[in-house]
Amino acid sequence: MKQENKSVHGVWGSRWVFILAATGSAVGLGNIWRFPYITGENGGGAFVLLYLLCIAVVGIPIMAAEVMLGRKGGLSPINTMRKLAGESKVTQRWAGIGHMGVLSAFLILSFYSVVASWALYYAWEAVAGGFQGITAAQSGARFDALLADPWLMMGCHTLFMVLTMVVVGRGVKGGLEKAVEILMPLLFVLLLVLVGYAATTPGFKEGLLFLFEPDFSKLNGKVVITAVGQAFFTLSLGMGAIMAYGAYMPREAAGKKGGKPKPVSIMSTVIIIALLDTLVALGSGVAMFPLIFSNDLQVGQGPGMMFVTLPLAFGQMPGGMLFGSLFFILVVSAAWSSSISLGEPVVAWLVERGLSRGLAATVVGLGAWVLGIGSVLSFNLWQDNTFLAGTFFDNMEFLSTTVMLPLGGLLIAIFAGWVMKETHARKELGIKNFKLYLVWRALVRIFSPAAVVALFVYSIWSAVAPADEAAPVKEPEPVAPAASEAPGVAAGAEIPAPVAEPADDAEDGEVPSAPLEPAQ
Ligand code: PHE
C-alpha cells in the first residue's frame, strides 16, 4: 500500500467526475423516498419552504466547507481533521468530527440498506408486471406483505449491502462515474414522466398546493428540526461523505472533454450539486402528492409513501410496466451510489490504518448489515417494541439524521470558519469573486452555526414547553388525518413514546407500520 497522502485513495479524473460522484452521493433515497414522506408528515408547504431555506443558507455553505476541508486534507475524514487540526495548531480532538461521522455512517448505512432493498424488491415486482391495474388498497397490501416478511426483507437487505460493499471494496473510482453519468440523467427523465402523469390526475392541484402553499401554523419544533436534518441528509453533509469525496477532488483539472487544466472551483461545483439534488426532491414530491390526493391516501402515511403511491401511477399510465421497472432500477442505482459514499469514509480510514480495501469493506459492510437487522425487524417482529423516537428503525433514522448530521455540520462550519487559518480556507476554496467569498465566510462563521443552534434550541424548547405554549398548533386540516397529526401531537409532547401506532394503521390499512415520528 502506498503511503503518500494524496495517492492512497487516488484522485478523481476531473471536476466533472467529482460532480457526478458527489451528485451520486447526494441524490438518493433522501430525495425520492424520504423527502416526500417527511413532507407529508410535517404538513407540507411550510416544511418545504423551510427545507429550501436550510439548503440555501446552511447546506450549500457547509457543503463548500466540507469539500474544502476534504481537499485540503486529502485523507479520510478522521485523518483529514487530524491533519488540519495540526496545521492550525489546535487540539487533535477535532478529529472527533471524523469519528462521529464514522458512527453516523454506520447508523445511516444500516437502515438505508433496508429501505434501498425495498426498492430492489419493487424493481423485481415491476419487471414481473406486479403493478398492472393495481388499486390503492392492493398497493398498500402489497407493501404490508413485504414488511410482514422478515426473511424476504433480510434477503434483499443482504443483497443490497453486498452490492454496496463490492464497489467500495474495489475503490469508488472504478465504475461509479460511468454509472452515474448515465443513470442520473435517466432518473431525471423518468421523474419527468411521473410528474407528467401526476399532472393528468384529479389531485394534481391539491398536491401542488400541499407542497408549495405554506401554512405557517404547521411549523413547530419537530417540523423545524426535521427540515434541518433533511437538508443535511439529502446533501450527504455532516458525516464526512462529502469530505472524503472532496479529498479526491483535483485542484486543477481538464474540463470534461480534456483541454487545458483549469483551477477547480469548489463553490460553483457545490451549487450545481445542491440544485440537482433539490430538483430531484421537489420532482419526487410533485410526482407523489397528486397521487395521494387522487386516491384518497393519507399524506402522513410514513416511510411507505413512495412504495404505495408510485405503483398506482405505473399501474395506470401507458407503458407503465417499462417505466416502472426502469424507475425502480434507477432508484436502486441512486441509493447504491449514495450508500457507497456512506461506506467510503470509514473504509478509507481503515485503509489508512493498514487494512486492505477489500477487508475494510467487508468489515464495514458486515457491521452495518448486522445493525440493519434491527431495522428489518422494526417492521414486523419488533414492530411494537418502541422506545424514545419509536421503533429501532425510527431511532436509527432520528438519531443519525436529525441529531448527528446537523451536529457534525455545525462542528465542520465552526472549524472552517473560526479555527482554520483564513488564508488557507480562502486559497483552497478558490472563490474568485471576493464578495461571494465574504458571503460564504459570513454564512459559515455566523449564520449557519447560529441557524443550526437556534433550530436545535427551538425544537428542544418546544419539546419541553407545555403544548399550548410551544406552538399554537391548530387542529390539523382534514386533508391530513391520522398519522399526519403526529407532528401536532409532537409539538408539545413531553412523552417521547409514540403511543397510538396501531390505531393509525387501522384507518385504511395502507401502511400498517407507519412509524410515528419522534416526539420532539
Ligand atoms: N444524501 C443521500 C440521500 O439523499 C444519503 C446520504 C446521507 C449519503 C449522508 C451519504 C451521507 O439519499
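Taken together, the values in this text are just the output of simple stated rules run on the coordinates, not laboratory data. Note that the structure is a prediction, hence the values are computed from the model and not measured. Quick reminder, even Gly has a Cβ in these numbers, built from the backbone with ideal geometry, and neighbours come from all protein chains shown.
Taking the beta-carbon count within 10 Å as an exposure proxy, list K432, K89, K218 from fewest neighbours to most.
K89, K432, K218
Arranged by the count of other C-beta atoms within 10 angstrom, fewest first, what order do D149, D296, D144, D277 take?
D296, D149, D144, D277
Sort 24-36, 200-212 by packing, meaning the average of other beta carbons within 10 Å per residue, with the highest value first.
Answer by packing, highest mean first, reads 24-36, 200-212.
Pick out, from V419, S459, Y437, the residue whose Cα sits farthest towards the positive end of the charge dipole of the range 417-467, with +1 on the Cβ of Lys and Arg and -1 on the Cβ of Asp and Glu.
Sorting the options by dipole projection puts first Y437.
Ranked by Cβ crowding within 10 angstrom, fewest neighbours first, how are T386, T23, T164, T91 ordered?
T91, T386, T23, T164
Using only DSSP helix segments of four residues or longer, with each worth -39500 (n - 2.57), what per-residue ellipticity at 222 nm results for the chain after dividing by its residue count and rounding to 500?
That comes out to -21000 deg cm²/dmol.
What FRET efficiency would be calculated for the residue pair V363, S268, taking the C-beta separation as r and a Förster radius of 56 Å, to the nearest 0.05?
That pair, V363 with S268, gives E of 0.90.
Could you compute Rg(Cα) / (2.2 N^0.38 Å) for the chain, with N its residue count?
0.92
On full extension of the chain, what length is gained from L388 through L275, given 0.36 nm per residue of separation minus the C-alpha to C-alpha distance?
Result: 37.2 nm gained on full extension.
Given the C-alpha centroids of the range 279-301 and the range 32-87, what is the distance between them in whole angstrom?
Rounded to whole Å, the Cα centres lie 25 Å apart.
Measuring from centroid to centroid over Cα atoms, what is the spacing of the range 352-373 and the range 139-214 in Å?
Their Cα centres are 25 Å away from one another.
Using the crude model of +1 on Lys and Arg Cβ and -1 on Asp and Glu Cβ, and no other charge, please compute the dipole size for the chain relative to its Cα centre, in debye to 20.
For this selection, approximately 3620 debye.
Any of K262/K427; K262/K432; K89/K432; K262/K421; K178/K432; K83/K427 with alpha carbons more than 19 Å apart? Name them for me.
K89/K432; K262/K421; K178/K432
Expressed as a rounded percentage, what relative contact order does the chain have, with Cα pairs under 8 Å and six or more residues apart? Kindly include the intermediate steps, with their values, before the conclusion.
Working: 979 pairs, mean separation 162.9, N = 520.
Over the chain, the number comes to 31 percent.
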